[in-house]
Amino acid sequence: MGRLKLFLPLFIFGMLALLFWRGLSLDPRDMPSALLNKPVPSFTLPTLADPDKPVGNEALPGEPYLLNVWATWCPTCKAEHAYLNSLAEQGVKIVGINYKDETVKAQRWLQELDDPYVFSVIDAEGRLGIDLGVFGAPETYLVDRSGVIRCKHIGDVNDRVWTQKLAPVYEALVAGTLEALNNAASNPAVQHCR
Amino acid sequence: MIPEIGQFALILGLLLSLVMAVVPMVGAARSDIAMMRSGHSLAYGVLVLTIIAYACLTIAFVQSDFSVAYVAQNSNSVLPVQYKVAAVWGGHEGSMLLWVLMMCGWTAAVARFSRALPPALIARVLSVLGMILVGLFLFMLFTSNPFDRILPFSPTEGSDLNPLLQDPGMIFHPPLLYMGYVGFSVAFAFSIAALIGGHLDSSWARWTRPWTIVAWAFLSLGIALGSWWAYYELGWGGWWFWDPVENASFMPWLAGTALIHSLAVTEKRGLFKSWTILLAIFTFALSLLGTFLVRSGVLVSVHAFATDPARGSFILGFLVLVVGGSLLLYALRAPAVHNRVLFSWLSREAFLLWNNVVLVIVLAVVLLGTLYPLIADALNLGRVSVGPPYFNFFFVPLMGVLCVLLGLGISANWKKTPKDRLLKLWLKPQVLALVVALAFPFLFDGQFDWKAALAVYVASWVLFASLADWYTKTGNARTFGGRFGKVRASYYGMLLAHIGLAITAAGVTLNTIYSVERDVRMLPGDVQAIGHYEFRFDGVERVRGPNYMAVEGRVLVSHGGSEIGVLKPQKRNYFSGGNTMTEAAIDTDLFRDVFIALGDNMGKGAWSVRLQYKPFVVWIWLGALFMGIGGGVAVADKRYRRARAKAPVQAAPVLQSA
């Protein structure tokens, strides 16, 4: 009996370790987005390319695309930028939301670091950000060809995020069949789109 | 080139520590003295290699080599050079390297200062430390390599060290913390070595004690410095938030405090052996757990370390291996507890047992509160966060009980103390503490406040009981001055640490009770008053720092008509971008802080200003300083040096009486 008692700490630790293991697959920042499977909110905002001429939802691509929230004050956005460039080269359409930023700085940033965006709207006051439920930059939404948000990612898009989370859904949306989308959603390798 | 040298040094360090993990341990099993001795030179070798790696990273920072990803993320060419050097540990990868460097330093120190210990024991200790080092090196090389390059398109400018970290307090906070965490690994290694070797005698406790006390002292200072930094840098005057990351450093401290006290019993009386071993394992496990919680992203915290699930999985695996393995070893090898009670309930052992019980309850409360969001999430109970009310509700009364027990126990003798004698010893400090407690609220504030009276009672009881004990223990000196030489350094260390606890307790409680905070809108020339303090706002000016522009407010502070000075709170915009930083202006003296933070520009020259009057706040950290110094004084005791010199003779497990 005395000897058995000594196993108690090991047992408790085992329970804790199980808990942590479970915890690793949960993301505490992972709040379900209210806009998942809802259309992109309507907006009329100027673009960085031409700050005098506002554009609206009609300017958004008619095929699946990424909606990327970025700003020059956000170091992670800088880290993410090179990867977005390579995605754009592969033909992925990306629309930028320049979030609570200074227009001149943002234009200079795109000149220096290359511009992966089809266009970037200027959301200086963060109104579109509020409508979208943005936590902070960077954030990326995957939108289908009818303008419905299908996936959301908080934090930078890198190779791992793209291949494990966004690409399967993106490819399903490009293929355009409901079947492909369901396959992507039920694939255990695909992380949740919240 | 230089980063590659650093990377190479890390790889060699991994290989050498692999050898250190195996060879001395095998040597100890085979009684091969040459293999056992190899641990010493291996420990020095790993230290030298890690110093090389660390120096390489520092050079990359000083030279602003932005082709190194870690440098590009955490430095900037206009960053002042002292912050470039400190930026080495400003992010995840570099702070791991600093951690490993300190671990190697401690390992080498064990090798250097433990020559007189039995060779088999020290060989096992070094092997255990080597195993931990292997894990840390692997972690760095596979998941968080500080030397990774961004090639061929390396950035021309870095994104700068987080402005929050550009501060002297932040330069020293992490190294002190890591010294503490890592130091507990020595106590852990001694425990494991003792379990493997089967020699669980009191000499084992004596060897472990100084290492544990030094680690504890560093951790005390580190936590206090972090709290002080949060107070003056975060800009809203709080000093403890029960944030998961703060708790991550506080839990090893609680376990370490319990460990120090239980080690004392094990050394002096040969009791609580299994419990002491278990505590040593727990203390180190909690240090590792802290690393896991901070760097894996399982909990949301204000301390945003670069989190990554891959790192989390690695640390969790490491944690399971180290802690699970040692707890299994413990279950198989620890001496079974015999239930015969060898001391009376009015003995020092009994009071130290209570100390341990209370500390472990506090630890459990903090651990539960920290992990509860994770538990709830894992069991699908929804997302919750546990706030300060929960922690304060349990923590404050339990610490009060601990302080009262401390004062009661300090004058108790080992084994048994006559009741009459104890009551007599307790009487005078008890009366004195009561008088001070009842008088204080009137003298300070002009009216009675039972919370303040209770707080002052607890703190002054610890203080007076400690001093009274010193007075009694030195009673056979002929003159008052002669008393000071009558007790040993380790006793003074204990006294200082306990007085430190009293000071911190008083600071925490009185500051909470008597602080005044006011958010006001002020136009130039406006005057606001808090108590006898008057604040006149004289507008703002633009100033330029080395890597930022700032708006600087001018506030003339006076007390009862006499001027104290002009305080200049700032709002800084760093050139590298990011959020605006609030730099509070603080006037500190021993009994109060005046704290001013500049808020937002409200137009037409008006600014929102936060004015705070915070009595006794500096006592919180002053007390921790006492604890840290107390730890230093305690290990300076001659006894530990003598123990080392005599150790070979005492090596046999027979000597229980020491």
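The values are calculated or read from the model by the stated rules, or taken from the named source; none is laboratory data. Please read all numbers here as calculations on a predicted model, not as lab measurements. Positions of Cβ are backbone-derived with ideal geometry, glycine not excepted, and every protein chain shown enters the neighbour counts.
Descriptive notes on the structure:
- In region B:531-563, the residues that are surrounded by fewer than 15 Cβ atoms within 10 Å (Cβ to Cβ) and either touching a helix residue (DSSP H, G or I) at 6+ places or on another chain (Cβ under 8 Å) or under 20 Å from B:G237 (Cβ atoms) (or both): B:G531, B:H532, B:H559
- Odd one out for B:N476, checked against (1) assigned to a loop (DSSP other than H, G, I, E, B); (2) touching a Cys at 6+ places or on another chain (Cβ under 9 Å): (2)
- If you go through region B:8-36 and pick out every residue that is over 23 Å from B:F139 (Cα atoms), exposed (fewer than 15 other Cβ atoms within 10 Å of the Cβ) and in contact (Cβ under 8 Å) with a residue 12 or more places away in the chain, you end up with 2.
- Among the residues here, B:L655 does not qualify as at pLDDT below 90 and assigned by TED's automatic domain parsing to the domain that holds B:K568.
- Among the residues of region B:79-92, some residue qualifies, meaning at least one is part of a helix (DSSP H, G or I), touching a helix residue (DSSP H, G or I) at 6+ places or on another chain (Cβ under 7 Å), surrounded by fewer than 23 Cβ atoms within 10 Å (Cβ to Cβ) and within 14 Å of chain A (Cβ to nearest Cβ).
- Residues that are closer than 19 Å to A:D101 by Cα and in contact with a helix residue (DSSP H, G or I) (Cβ under 7 Å, 6 or more places away or on another chain), drawn from region B:573-602: B:Y574, B:G578, B:M581
- Restricting attention to region B:140-175, the residues that are away from chain A (no Cβ under 13 Å) and not in a helix (DSSP H, G or I) add up to 7.
- Some residue of region B:194-206 being in contact (Cβ under 8 Å) with a residue 40 or more places away in the chain, within 26 Å of A:A79 (Cβ to Cβ) and of a type outside the set (D, E): no
- A:N57 fulfils the conditions (1) away from chain B (no Cβ under 14 Å); (2) modelled with pLDDT of 85 or more; (3) buried (at least 17 other Cβ atoms within 10 Å of the Cβ) except for a single criterion, (3).
- Looking at A:D115, A:D101, just one residue is crowded, with 16+ Cβ neighbours inside 10 Å, without any contact (Cβ under 8 Å) to a residue 24 or more places away in the chain and part of a loop (DSSP other than H, G, I, E, B), and that residue is A:D115.
- Of everything listed in (1) within 14 Å of another protein chain (Cβ to nearest Cβ); (2) among the hydrophobic types (A, V, I, L, M, F, W, C); (3) more than 23 Å from the chain's Cα centre (by Cα), the single unmet condition for B:A350 is (1).
- Among residues of region B:307-331 that are within 9 Å of chain A (Cβ to nearest Cβ), those with a Cβ under 6 angstrom from a residue that is surrounded by fewer than 16 Cβ atoms within 10 Å (Cβ to Cβ) and at pLDDT 85 or above, sequence gap 6+ or separate chain, pair up as B:A331/A:F7.
- The number of residues in region B:229-262 that are farther than 30 Å from B:D167 by Cβ and without any contact (Cβ under 8 Å) to a residue 60 or more places away in the chain comes to 1.
- When region A:1-22 is filtered for residues that are more than 7 Å from chain B (Cβ to nearest Cβ) and among the basic types (K, R), only A:K5 remains.
- Among the candidates B:F61, B:F66, the residue that is farther than 22 Å from B:S326 by Cα, not β-branched (V, I, T) and not in a helix (DSSP H, G or I) is uniquely B:F66.
- The set of residues in region A:139-166 being assigned to a strand (DSSP E or B) and crowded, with 18+ Cβ neighbours inside 10 Å consists of A:E139, A:T140, A:Y141, A:L142, A:V143, A:I149, A:R150, A:C151, A:K152, A:H153, A:I154.
- Meets criteria (in contact with a strand residue (DSSP E or B) (Cβ under 7 Å, 6 or more places away or on another chain) and either under 24 Å from B:T291 (Cα atoms) or among the acidic types (D, E) (or both)) for B:A69: yes
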